[in-house]
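Beneath this line is the structure, given in structure tokens, with notes to follow.
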């Protein structure tokens, strides 16, 4: 990225942060003591890698961690930037027992490939939403057992008070929809959404019954704009929208989000002593893709780390960082020269720069329902 473009991006973030300060102002007066996150690869910080015993290959992690960190990204995820904003450390994966993990300020149960519906034999991840909820309940019970044995564990695990005052974050559902397109029609997928959300509601109720009160729920992004889905389902130009995204996938995401929003309102009514916040990730990401050049990006859909070149640079047979011999030809999925010019990292996930933008928009509060207030404030300390 040239110096003039970098300066434009820096100035944009300065103005953005000032607008955040004006929008939120004195209402930012409370810090959540911990975050407990459940989800899929959009917020996985190493759960699937630890749980199934594999590691993502370089260049994943190249821009921030300088080595693969269990995140499907060149650096930090949206979750990492939100943790920064809350003035909390990055979340350790629940199953990652090495590296002296400290869970006092939260724990991450999100695993790549996870779905809301129970996993099947063909699922990428066995850690579906219900399993993640069960893992959390086991984690909490075990933490309280350890604390009852003496104060030597105080600095490592949350107290009961922290569990009660902690923020419970969710970013899951993308795989339920995207995966279904391989075997179902759009009408069948739309008809299945109430069943998916009933499973989600059941999990939320289990957490509420165990004392959770602050819920932060992301909707799903524009699935039709991911290179993986464009490559598979967008070969017919008539199936693409004006931005080159698969219309059916985005229609499914919009329908899912409408019903998820309604569920969040229902939950708030059922649990008046809780705070249920719905976050419109779809609108933030869609705006980014539609207006990519305004925000300093050069590629709205094409993957940075992949193979095959324009227009998508994506081959489902070769993951980012892999080299394979296919039909006698060596194919390598390598990173582009400057990932900050790309919104998409590997065909499915966003780059760190794009994640940073999305987090900054979340923190304006205007994409949340209810908008940020004294009930759900954030300490805005984004580190650009």
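The values are calculated or read from the model by the stated rules, or taken from the named source; none is laboratory data. On a predicted model such as this, the values are computed, not experimentally measured, just so you know. No Cβ is skipped: glycine too gets one built from the backbone with ideal geometry, and neighbour counts run over all protein chains shown.
Residues checked against (1) free of Cβ contacts under 8 Å to residues at least 60 places away in the same chain; (2) over 25 Å from residue 226 (Cα atoms); (3) surrounded by 22 or more Cβ atoms within 10 Å (Cβ to Cβ):
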residue	(1), (2), (3)
35	no, yes, yes
38	no, no, yes
48	no, no, yes
57	no, no, no
67	yes, no, no
76	no, no, yes
95	yes, yes, no
105	no, yes, no
Conditions (1) over 29 Å from residue 345 (Cβ atoms); (2) without any contact (Cβ under 8 Å) to a residue 60 or more places away in the chain: number failed by residue 194: (2)
Looking at 266, 239, can you tell me which residue is at pLDDT 95 or above and loosely packed, with under 15 Cβ neighbours inside 10 Å? 266
If you check every pair at least six apart or on different chains, which have Cβ atoms under 7 Å apart with a residue in the stretch 108-122 that is free of Cβ contacts under 8 Å to residues at least 60 places away in the same chain first and a residue that is part of a loop (DSSP other than H, G, I, E, B) and crowded, with 24+ Cβ neighbours inside 10 Å second? 119/128
If you check residue 375 against the conditions, is it touching a strand residue (DSSP E or B) at 6+ places or on another chain (Cβ under 6 Å), surrounded by fewer than 19 Cβ atoms within 10 Å (Cβ to Cβ) and modelled with pLDDT under 95? yes
Have a look at 98, 91 and point out the one that is in a loop (DSSP other than H, G, I, E, B) and modelled with pLDDT of 95 or more. 91
Is it the case that some residue within the stretch 337-350 is in a loop (DSSP other than H, G, I, E, B), at pLDDT below 90 and surrounded by fewer than 20 Cβ atoms within 10 Å (Cβ to Cβ)? no
What number goes with the only condition from (1) under 17 Å from the mean Cα position of the chain (by Cα); (2) more than 25 Å from residue 116 (Cβ to Cβ) that residue 176 does not pass? (2)
With the structure loaded, tell me whether residue 203 is under 25 Å from residue 36 (Cα atoms), part of a helix (DSSP H, G or I) and at pLDDT 95 or above or whether it fails that test. yes
